[in-house]
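What follows is a single structure, written as structure tokens, with notes after it.
The values are calculated or read from the model by the stated rules, or taken from the named source; none is laboratory data. Note that this is a predicted model, so its numbers are computed, not measured. Positions of Cβ are generated from backbone atoms using ideal geometry, with glycine treated the same way; all protein chains shown enter the neighbour counts.
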Amino acid sequence: MATIKYRLHSKTENAPIYLRLSLGRAKTKKDEKPKYISYQRKTGLSLNSKDWSNATGLPKQNNPINKNLTSNLRNLTITILQNLNDANSNGTEVNGEWLSYRINLYFNRVQEIGKESNLLLDSIQRIINTASTRKNGKGGVGLSVSRINAYKGLKLIIKRYQTKSKTILKIKDIDLKFVSSFLEFMQNQNYNNGNTQKKLSDIKTVCLDAQLRGLETSTQLKNVTGIKTKNDYIIYLTEMELKQIEQTEFKRDALINTKKWLLLGAMIGQRGNDLLSLTKNNITYRSNLKLIELTQQKGNKNVVIPFSPQMETLLQYGFPYKISIQKFNKHLKDVCKIAEIDTITEGYKYVTEVKRRVLGKYPKHELITSHDLRRTFASNNYGQMPTPLIMSITGHSTEKTFLNYIGKTGIDHAQQIAEYYLKETEKAKKQTNLRVVKNLAINQ
């Protein structure tokens, strides 16, 4: 008769718990010594050896954690013995690998062969594995490298969350309780609200994809939403800072090239990848107008930007040469540092040691990235150019998202309208004075 016993092999504060499965006496010839078949594997659980009872072969019942651990081990025993009976009736070979698989399956560490996994991590991996055949935001097929990397990053975060919370997340576990716990975890890990919002959105997408495959999801899934984010830390280059960069001399070709891309980015308000994709082929002529035409990678929006006199001067010898977005972001900081763009500014900076952005106060040149050039264009032109025209270049769909993007509120908008009314009133007064003077001249 098969038996299961648990034991420790060390006297440490974190001693691993082993499961030993004994299958009884093996068949031998009459003249051979009796042999007993047994397999031993780690359960993946551990505890302080002082809390182990040699008499019962289980944890001592001296606290709630140990009581829960004992319950888990007893249930594992029942499950293994049930699966052993199935294996014997089906003729399945029982060995050490079989035992490890059944232990890991019990604790949801692996996917059962032949069945659809209900684990969140497995569903994330499924999206990564099938990325080349999935529909993308442009209406085509195949997820972009950035989207794939986003799911890979999400997988690492979920692994850290599971380790911290000591849970194995299933698709059906994604509910409002999870959202609350996940938000607290992300805040404690120094993730900003924008990043947390995106990760929650991606988690919901993963669950909806699993739901289409017939997996059970929480009834609260439709209410799982991210937190509303506000751009509290708006990083952009002022007109004065741009002038400072323009007047700074650089010796290295890489920095001269980056300076040119930087100034162009501040003039045309495009995302980094769209900016760096530009070539002379993007220059067109329509109705005697010289234009830059492009299709934005995000949202697939067509954008048409007229040449300004400053652009003519900057591009008189052609576009700067190609550079990767990674090198561009690195050189941007070097260019701004040499140009002494060093105002102490609050914002998020990527810290290598923790592999994420950390909020703090830094010299501005340490915070500048390619995306800030788009915000530079939008911020410097707000109030100078009609907002719908700015939005047609940046690609924002609504004025609300545009104002949030540059950190403007309803009060800022009201102030802009009030200034417009004041200008119109002054203009009307001047016209009235002109008419009075004209009539007076005629009468004389």
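Brief remarks on what is shown
- Here is the figure for the stretch 2-46: residues that are of a type outside the set (A, V, I, L, M, F, W, C) and surrounded by 11 or more Cβ atoms within 10 Å (Cβ to Cβ) total 19.
- The set of residues from the stretch 359-413 being small (Gly, Ala, Ser) and either in contact (Cβ under 8 Å) with a residue 12 or more places away in the chain or outside any helix (DSSP H, G or I) (or both) comprises Gly360, Ser370, Ala378, Ser379, Gly383, Ser392, Gly395, Ser397, Gly407.
- Scan of the stretch 47-66 for residues that are exposed (fewer than 14 other Cβ atoms within 10 Å of the Cβ) and among the charged types (D, E, K, R), ordered by number: Lys50
- Scanning the stretch 135-167 for residues that are more than 27 Å from Lys301 (Cα to Cα) and assigned to a loop (DSSP other than H, G, I, E, B) turns up Lys166, Thr167.
- Scanning the stretch 346-365 for residues that are out of contact with any strand residue (DSSP E or B) (no Cβ under 8 Å at 6 or more places or on another chain) and acidic (Asp, Glu) yields a single hit, Glu353.
- Candidate set: the stretch 325-342, residues that are without any contact (Cβ under 8 Å) to a residue 40 or more places away in the chain and surrounded by fewer than 18 Cβ atoms within 10 Å (Cβ to Cβ); chosen: the one nearest to Tyr362 (Cα to Cα): Asp342
- Residue check, Arg252 in the same structural domain as Gln316 (by TED's automatic domain parsing), free of Cβ contacts under 8 Å to residues at least 24 places away in the same chain and on the phi < 0 side of the Ramachandran plot: yes
- Once the stretch 59-74 is narrowed to residues that are within 18 Å of Thr12 (Cβ to Cβ) and among the hydrophobic types (A, V, I, L, M, F, W, C), the residue that is modelled with the lowest pLDDT is Ile65.
- Only one entry of Phe319, Phe328, Phe377, Phe307 meets the criterion of being under 15 Å from Thr238 (Cβ atoms) and among the aromatic types (Phe, Trp, Tyr), and that entry is Phe377.
- Flag if Asn88 is surrounded by 11 or more Cβ atoms within 10 Å (Cβ to Cβ), under 27 Å from Lys11 (Cα atoms) and not hydroxyl-bearing (Ser, Thr, Tyr): no
- Residue among Asn193, Asn108, Asn118 that is closer than 24 Å to Thr352 by Cα, crowded, with 16+ Cβ neighbours inside 10 Å, of a type in the set (S, T, N, Q) and touching a residue at least 24 places away in the same chain (Cβ under 8 Å): Asn193
- Taking each residue of the stretch 1-16 that is assigned by TED's automatic domain parsing to the domain that holds Ser46 and looking for partners that are loosely packed, with under 11 Cβ neighbours inside 10 Å and part of a loop (DSSP other than H, G, I, E, B) with beta-carbon atoms closer than 8 Å, six or more apart or interchain, yields Pro16/Ser10.
- Positions within the stretch 1-47 being in contact with a Gly (Cβ under 7 Å, 6 or more places away or on another chain) and aliphatic (A, V, I, L, M), in sequence order: Met1, Ala2, Ile37
- Within the set Asn188, Asn223, Asn192, the sole residue that is of a type in the set (S, T, N, Q), at pLDDT below 90, more than 24 Å from Arg109 (Cβ to Cβ) and touching a strand residue (DSSP E or B) at 6+ places or on another chain (Cβ under 7 Å) turns out to be Asn192.
- Among residues of the stretch 201-219 that are over 12 Å from Ile124 (Cβ atoms), those with a Cβ under 7 angstrom from a residue that is small (Gly, Ala, Ser), sequence gap 6+ or separate chain, pair up as Ser201/Gly226; Thr217/Ala210.
- One residue stands out in the stretch 343-368 among those that are among the β-branched types (Val, Ile, Thr), farther than 21 Å from Lys259 by Cα and surrounded by 14 or more Cβ atoms within 10 Å (Cβ to Cβ): the one that is farthest from the chain's Cα centre (by Cα), namely Thr345.
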